[in-house]
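Structure first, then comments.
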Amino acid sequence: MNRRLIAHLDMDAFYASVELLRYPDLRGQPVVIGGRGAVPERDAEGRYRYARLDSYAGRGVVTTATYEARALGVHSAMGMMKAAALAPHAVMLPVDFDRYRHYSRLFKAAVAEIAPCIEDRGIDEIYIDLTEVPGAQDTGQGDALAGARELARTIQARVREATGLSCSIGVTPNKLLSKLCSDLEKPGGIVVATHDDLPVRIWPLPARRINGIGPKAAARLESLGIRTVGELAQADRQWLVEQFGAAYGAWLNDAAHGRDERPVVTYSEPKSISRETTFERDLHPRMDRETLGGIFTRLCTQVAADLARKGYVGRTIGIKLRDDRFRTVTRDVTLEQPTADAAEIRRAAGACLKRVPLERRLRLLGVRVGSLCRPGEAAAVARVRDPAGDPHTLPLFDSE
Ligand code: TTP
Ligand code: MG
Ligand code: MG
């Protein structure tokens, strides 16, 4: 039987690397992507003039940074002001999602030419099932994984050829380990590993590096004296079940031992489509009523356009508010019929808003549409739903 070979591929400093393609003179420099600044313009000699972080004032966050900026302590999700304190001379570039989406499609298409079984995990990463790809199972002199290694190199080279960008790849028997391994030798890394490599390569890592151990679980583990994956692996399975419940406890034990049988799922429907915005300054529900109303309507219009572009309608309309104390509130409502209509979304979102006590200034507003389906399926879904009464049995109907 074929040995299971699952790859995880993640692009290196993705947004930043895409920007460096058009501003190659920035290579080797600390660069931070974030905020809504202006696109760089050329001076009289034709050289780009870049904004520096120390000129930034506002509340934007860093989406990503080049490895040179990371060396100064800057990282994703850090406030731009804080980043400016660490790296005042770093170049700052505004985000350009359309461009990143374009390169995302390009690299995925390039991989698909070599290995078609791909699970899309977001803008800059994918899982690839290499098990059946010709050559993947080849063994070389003293290297049972020579074929896998060679294939990973081929994929990496093909991605570079198609996009000019570098990526890192982990290849192991499963998704969990591959996701960990793709991150081990970034940038440009290829890590091929088996269960035998677990003690040396995986167990020293902090437990929170495992996809599925979030900040809360990590803190809980830490309070129980478990910091590394290895320490987690040593913990008694039954004890973990007692601490974390049957499902999660058992999963923690499996994860620490590198056990994961999840298949590579080649296609997935989005669960919801949403838009949100953080204001330049906190807005007061009454004093800034008009401004807020305008932003609210615009978010609904954008979500409606996103739905139309992606070809979905949705039944659950939700809102998200965050106040000046960072308290986040969500409300949603489920409609009789799914919709992609901006006015209808606006009405439903407005009804949700009425259910929130608006006492403090707001810093963020978001609108989402969930329970998505394709327009043609809407009627069929509604029909099947009634007698069954169980939305989970229905294809393409994710009740979240
Ligand atoms: P990542 O793959 O997490 O990061 P990266 O590609 O920038 O760097 P690495 O080499 O470590 O993989 O995320 C992919 C892109 O997603 C990233 O370029 C920007 C965006 N992003 C955010 O907008 N906010 C975030 O908090 C993170 C983590 C990423
Ligand atoms: Mg990445
Ligand atoms: Mg990623």
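Quick notes on this structure:
Every residue, every condition in (1) within 18 Å of the chain's Cα centre (by Cα); (2) farther than 19 Å from ASN253 by Cβ, yes or no:
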| site | (1), (2) |
| --- | --- |
| GLY142 | no, yes |
| GLU150 | no, yes |
| SER168 | yes, yes |
| VAL171 | no, yes |
| LYS179 | yes, no |
| LEU198 | no, no |
| ARG208 | yes, no |
| ASN211 | yes, no |
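- Search result, residues across region 106-116 that are closer than 21 Å to ALA13 by Cα, more than 14 Å from ligand 3 (Cβ to nearest atom) and in contact (Cβ under 8 Å) with a residue 60 or more places away in the chain: VAL111
- Scanning region 117-143 for residues that are surrounded by fewer than 14 Cβ atoms within 10 Å (Cβ to Cβ), of a type outside the set (Ser, Thr, Tyr) and free of Cβ contacts under 8 Å to residues at least 60 places away in the same chain yields GLY122, PRO134, GLY135, GLY140, GLN141, GLY142, ASP143.
- Residue check for TYR103: outside the structural domain of PRO30 (by TED's automatic domain parsing), touching a residue at least 40 places away in the same chain (Cβ under 8 Å) and within 16 Å of ligand 3 (Cβ to nearest atom): yes
- Failed condition for HIS75, given (1) at pLDDT 95 or above; (2) within 15 Å of ligand 1 (Cβ to nearest atom); (3) within 30 Å of ARG262 (Cα to Cα): (3)
- Any chance ILE226 is surrounded by 14 or more Cβ atoms within 10 Å (Cβ to Cβ), closer than 29 Å to GLU125 by Cβ, in contact (Cβ under 8 Å) with a residue 24 or more places away in the chain and aliphatic (A, V, I, L, M): no
- Which numbered condition TYR48 misses (of (1) within 30 Å of GLY170 (Cβ to Cβ); (2) touching a residue at least 24 places away in the same chain (Cβ under 8 Å)): (1)
- Taking (1) modelled with pLDDT of 95 or more; (2) away from ligand 1 (no atom under 16 Å from the Cβ) in turn, ALA69 satisfies each apart from (2).
- Some residue of region 4-11 being closer than 22 Å to ALA85 by Cβ, more than 11 Å from ligand 1 (Cβ to nearest atom) and in contact with an Asp or Glu (Cβ under 9 Å, 6 or more places away or on another chain): no
- Residue-level analysis places ALA83 outside the set of residues that are at pLDDT below 95 and outside the structural domain of CYS167 (by TED's automatic domain parsing).
- Scope region 99-127; condition within 16 Å of ligand 1 (Cβ to nearest atom), β-branched (Val, Ile, Thr) and under 17 Å from SER178 (Cβ atoms); matching residues: VAL111, ILE126
- Filter pass, TYR67 being within 25 Å of the chain's Cα centre (by Cα), assigned by TED's automatic domain parsing to the domain that holds ARG153, within 16 Å of ligand 3 (Cβ to nearest atom) and in contact (Cβ under 8 Å) with a residue 12 or more places away in the chain: no
- Of all residues in region 137-146, those satisfying the criterion of being out of contact with any strand residue (DSSP E or B) (no Cβ under 7 Å at 6 or more places or on another chain) and closer than 15 Å to ALA193 by Cβ are ASP143, ALA144.
- Of all residues in region 1-54 being away from ligand 2 (no atom under 16 Å from the Cβ) and of a type in the set (S, T, N, Q), the one that is surrounded by the most Cβ atoms within 10 Å (Cβ to Cβ): GLN29
- Contacts under 7 angstrom Cβ, first residue in region 168-187 being more than 20 Å from ALA207 (Cβ to Cβ) and away from ligand 3 (no atom under 12 Å from the Cβ), partner modelled with pLDDT under 95 and among the hydroxyl-bearing types (Ser, Thr, Tyr), 6 or more apart: none
The values are calculated or read from the model by the stated rules, or taken from the named source; none is laboratory data. These numbers were taken from a predicted model, which means no experiment stands behind them. Cβ atoms come from the backbone with ideal geometry, glycine included; neighbour counts cover every protein chain shown.
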